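Everything below concerns the one structure shown next.
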Amino acid sequence: MHLFFALLSGMLISAGIAVSKMIDPQKVLSFLDVSGNWDPSLALVMAAALLVYTLGYRLVLNKSTPLFDKNFYLPTKQHLDRSLLAGAAIFGVGWGLTGYCPGPAIAALPAASTGTAGFVAMMVLGWFIAGKIPINKRQQKS
Amino acid sequence: MDNFTPFSALLGGSLIGLGTLLLLVTLGRIAGISGIVSLAIFQREGRSWRLAFVAGLLLGPLLVALVINDFSFSTPDLNSRTLIAGLLVGLGTAWGSGCTSGHGICGIGRFSPRSIVATMMFMTTGVIVASLF
């Protein structure tokens, strides 16, 4: 059940990325680049996803446990720190350079583009390096 | 704004919302793509469900392509700009504990102050870089 629903979740998310055309980095850049022919589509994608998730989240949290696990795995950190701020800023720079964030880049891998593959390979290298060189002390993840 | 596609944006966004919600309802997990994919690679514990999620990510657009009979979209050229961008996205999402899905949708959906600030931050630097360079 775990595997089936994890697969289905990934599939729905990337299908959404494809349907909304966010799989196309030029589409994302036409939102981020406010100097040109601006395209607000990305804002509507976020708004629709947020609406569904926020409403669903209210209903789900009335349950004490998820359907197929003994508890919820929710982030517990509340405070802002240097790692969060610097990391988010650096991520945005990379996003603005190509129009790729992790989801669309991975979803586009089956198109077998060398540019997409190179981006994803470097992203994985970035995860590896950041894991070795934490900005704050190492964070526990489950 | 002649390239604005509101209908497909709302439909696609709703699917993304459903997918992220499904993972919360069934496995109790936040659907942060950077976190799930990186831990699928670098952490043994919990690898199987994360790999299944990644497989789903790879399959979704192919299924859509079968339905609409179109699998064409632009991809970046393999050059130094693309490679540097990939490295920065990797470093930034690891240090910043999330990306567009984890912070922008799941985090904001839970009204997490960290995610709201992180999303404002990467939106701001993203807009600045994309507009100037």
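Region A:1-22 and region A:41-55 have their alpha-carbon centroids 15 Å apart.
Counting Cβ atoms of other protein chains within 10 Å of each Cβ in B:40-48 and taking the mean gives 2. Shown here is the pair-distance distribution of region B:75-133: with all Cα-Cα distances grouped in 5 Å bins from zero up to the longest one, the shares run 4, 18, 23, 24, 17, 9, 4, 1 percent. State the answer as a single residue: which of A:97, A:113, A:8 lies farthest towards the positive end of the charge dipole of chain A, with beta carbon charges of +1 for Lys and Arg and -1 for Asp and Glu, about the Cα centre. Working it through, the farthest residue towards the positive pole turns out to be A:8. Of the two radii for the protein assembly as shown, the radius of gyration is 0.93 times the Kirkwood radius, both from the alpha carbons; that is the Rg over Rh value. Relative to the globular-protein estimate of 2.2 N^0.38 Å, the Cα radius of gyration of chain B stands at 1.15. Dipole size of region A:67-142 about its Cα centre, with +1 on Lys/Arg Cβ and -1 on Asp/Glu Cβ: approximately 340 debye, rounded to the nearest 20. Quote the charge dipole size of region A:2-132 about the Cα centre in Debye, to the nearest 20; the model charges only the Cβ of Lys and Arg (+1) and of Asp and Glu (-1). Dipole magnitude for region A:2-132 comes out near 380 debye. The modelled label-to-label distance for the pair residue A:81/residue A:61, using points 7 Å beyond Cα in the direction of Cβ, is 2.3 nm.
Straight-line reach from residue A:132: taking Cα to Cα under 29 Å and skipping same-chain neighbours fewer than 8 places apart, the lysines in range are A:77, A:141. Residue-wise HN-Hα couplings along region A:113-127, as the Karplus relation 6.51 cos²θ - 1.76 cosθ + 1.60 with θ = phi - 60° gives them from phi, are 8, 5, x, 4, 4, x, 4, 5, 4, 5, 5, 5, 4, x, 4 Hz; Gly and Pro carry x. For residue B:45 and residue B:74, the FRET efficiency from 1/(1 + (r/R0)^6), where r spans their Cβ atoms and R0 equals 41 Å, is about 0.65. Taking the number of Cβ atoms within 10 Å of each Cβ as an exposure proxy, the fewest-first ranking of B:81, B:114, A:82, B:29 is A:82, B:81, B:114, B:29. Gyration tensor over the Cα atoms of chain A: the corresponding equivalent ellipsoid has semi-axes (square roots of 5 times the eigenvalues, largest first) of 27, 22, 18 Å.
Around the Cα centre of chain B, unit charges on the Cβ atoms of Lys, Arg, Asp and Glu (plus for the first two, minus for the last two) sum to a dipole of about 520 debye.
Loop-located chymotrypsin sites (Phe, Trp or Tyr not before Pro) in region A:1-69 (DSSP state not H, G, I, E or B) with no more than 16 neighbouring Cβ atoms inside 10 Å: A:38, A:68. Rg then Dmax, both in Å and based on the Cα atoms of region A:53-93: 15.1, 39.
Selection among A:42, A:20, A:57 by position relative to the dipole of chain A gives A:57 as farthest towards the positive end (Cβ unit charges, Cα centre).
Values in this text are rule-based calculations from the coordinates and carry no lab data. Values in this document were obtained by computation on a predicted structure and should not be read as measured data. Backbone-built Cβ (ideal geometry, glycine too); neighbour counts: all protein chains shown.
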